[in-house]
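The structure under discussion appears below in the form of C-alpha cells.
Nothing in this text is a laboratory measurement; each read-out follows from the coordinates by a stated rule. What you see is a predicted model, and the numbers here were worked out from it, not measured in a lab. As a convention, Cβ positions derive from the backbone with ideal geometry for all residues, glycine included, and neighbour counts pool all protein chains shown.
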Amino acid sequence: MVKGINTNRKQIKRLLAFCMLFAVLVLPKQSYAADVAFYEPLNAVNNNSFYVSDGWGNGSDFGVGWKASNVEFNNGIMALRLDDVGCPGGCSGKSFASGEYATKAKYGYGRVEGRIKVAKGSGLVTSLFTYSGETAGTANDEIDIEILGKDTTKLEANYFTNGVGDHSTIINLGFDASQGFHDYAFEWSPTYIKWFVDGNLVHTETGSRGPLPTHPGEIEVNLWSGAGNVWTGPFTYPGTPIRAYYDWIKYTPASDLPTDDGTGLTAKYYDNMNFTSLKATRTDATVNFDWGMGSPMPSMGMDEFSVRWTGKVKPQYTGAYTFYTSSDDGARLWVNNQLIIDKWIDQAETEWSGTINLTAGQKYDIKLEYYDNNEDAIAKLYWSSASQPKQIVPQNRLYPN
C-alpha cells in the first residue's frame, strides 16, 4: 500500500516535470518589465504584441463577457463594440458582450497614452489602464484612466497598489469626450503619477494618499457596462450596438522621457489685429483654443484681436516634424526661425501644415501669430512625425520665454 503511494507520487512528479518543460518550450515567454517604446496605430490586430480577450468575463460588477469578434478595425481606427449577440450563452454567462485589447508584455515606469473617443450612456465605462495581475504574496497594481458614460465631461483618475484603491479623483474635461477624439495619458515613476489630457497636466499623485504602484502591468483598453453597479450608474441596452473608438496607443519608457518638464509658451494678447494694443501677457500650457463667438478674456473685444505665442519647443525624436495650424482666421508659424506656415488671411477653420527637420532633445525657437477678424475664433497647434502620432503640441515640450 505504501509502495503504491510512493509510485503514484513519482508518476505525478514526472508528469508535472513534463508539463513544465512543455510550457517552457511551447508557451510564449512573458516580459515582466518591457522598456521598449512602441506606437501602435491600431490598423489591425497586432498578434506579435497584443492579445484580444475572448471567451471569459470579469467579476460580478461587469455586465459583459469578452469576445474577439467585438474588437473591430476600420480605416486606422479600432472600435470596441458592446452588444447582446449570442448572450448570455455565448457571452460567458453575461447579458452582453464587448471588446478588450491588451499588450502581451508588462510595462514599467514611463508614459502610457492613447487617442480615444468614448462611449456615452449611463452604465458604460471606456478605459485605458495598466494591470499587473497578481504575483506571489501580492494583489494587483493598476493605474486607470476611466470615463463614465453617464457624464462624458469628466475623467476619473485612479490607482491601485497591492489591490488597495480609494485614490479616485474626478477631473472636469471642459468638453464632451464622446463627441470627438482626444489624447489621454499618464506618466508613472517611483515618486509620482501624472495624468494628462491633450498634453495638459490635469492631476498628480505623489503617494501622499497611499503607496504608489511598483509592479509592471499590461497596457489595456476596454469598454464595459456595469451590472447593478452604483458607481457606473444603471445600464439599459438601447437595442443597437454601442462603440468606443481608439485611434492609437503609445508607450514611452521613463528613460526616454524628458528630464525637465515644459510649462507652455509665452502668450501676448492684443485688442486689435496688428499687435499694438497689448492687453495681457501669460503662459499658455498649449495652443488649443476655440473661443467661438467670444473673446479670450473679459478685457478684450469678441472680434478683431490677435495673439502671439513665443518660446521654445523640444522634440522627443529626431526626424522630419510636420506642424499644423487649425485656425479661424489667420495664422503664421516659425520654427527655428523658419516661416513654415503663412496663411495670414480671413478664413473659416482651416488646417495648414509645414515640415522641418528637428533633433531629439534640442530646444528650438517657436513663434505662432494669430488674428481673429470676426465671428468664430479658433487657434490650435499640432505636430506629428514618423515616431510621433499627430497631437496638440503638449505642454511638457513647450518652454516660455
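Here are some notes:
- As a rough footprinting exposure proxy, the listed residues 188, 352 were ranked by other beta carbons within 10 Å of their own, and the order from fewest upward is 352, 188.
- Taking the fewest neighbouring Cβ atoms within 10 Å as the starting point, the ordered list for 282, 111 is 282, 111.
- Taking the stretch 243-401 and dividing mean pair separation by its residue count, relative contact order in percent (alpha carbons under 8 Å, at least six apart): 31 percent
- Debye, to nearest 20: dipole size of the stretch 38-256, +1 on Lys, Arg Cβ, -1 on Asp, Glu Cβ: 260 debye
- Tail fraction, Cα-Cα pairs, the stretch 38-256, threshold 27 Å, whole percent: 27 percent
- Likely footprinting exposure, 154, 194, fewest C-beta neighbours within 10 Å first: 154, 194
- The ellipsoid equivalent to the alpha-carbon distribution of the stretch 171-258 has semi-axes of 28, 18, 14 angstrom, derived from the gyration tensor eigenvalues as √(5λ) and listed largest first.
- Taking amide H positions as modeled 1.01 Å from N, with prolines and chain starts lacking one, the residues under 5 Å from residue 283 and 5 or more places away or on another chain are 267.
- Angle between the chain longest axis and helix 2-26 axis [Cα atoms, degrees, rounded to 10]: 30 degrees
- Stokes-Einstein translational diffusion, the stretch 275-329 - Kirkwood Rh over all Cα pairs, 1.306 mPa s, 10 °C, in µm²/s: 114 µm²/s
- Lysines with Cα under 18 Å of residue 67, excluding same-chain neighbours fewer than 8 positions away: 94, 104
- Shape parameters for the stretch 74-173, alpha-carbon atoms, Rg then Dmax in Å: 15.5, 44
- Cα pair distances in the stretch 121-164, grouped into 5 Å bins until the bin that holds the longest one, percent each: 6, 22, 23, 17, 14, 11, 4, 2
- Pairwise label distance in nanometres, residue 282 with residue 401, each label 7 Å out on the Cα-Cβ vector: 1.8 nm
- Efficiency of FRET from Cβ geometry, residue 275 and residue 254, R₀ 45 Å, rounded to 0.05: 0.65
- Virtual spin-label span in nm between residue 351 and residue 192, 7 Å along Cα→Cβ: 3.1 nm
- Normalised radius of gyration (Cα atoms, divided by 2.2 N^0.38 Å) for the chain: 1.16.
- Difference of contour (0.36 nm per residue) and Cα-Cα distance, residue 360 to residue 104: 89.3 nm
- Principal axis extents of the C-alpha atoms in the stretch 327-386 (largest first, rounded to whole Å): 39, 22, 14.
- Directionally averaged shadow of the stretch 265-400, computed from the convex hull of its alpha-carbon atoms, nm²: 7.1 nm²
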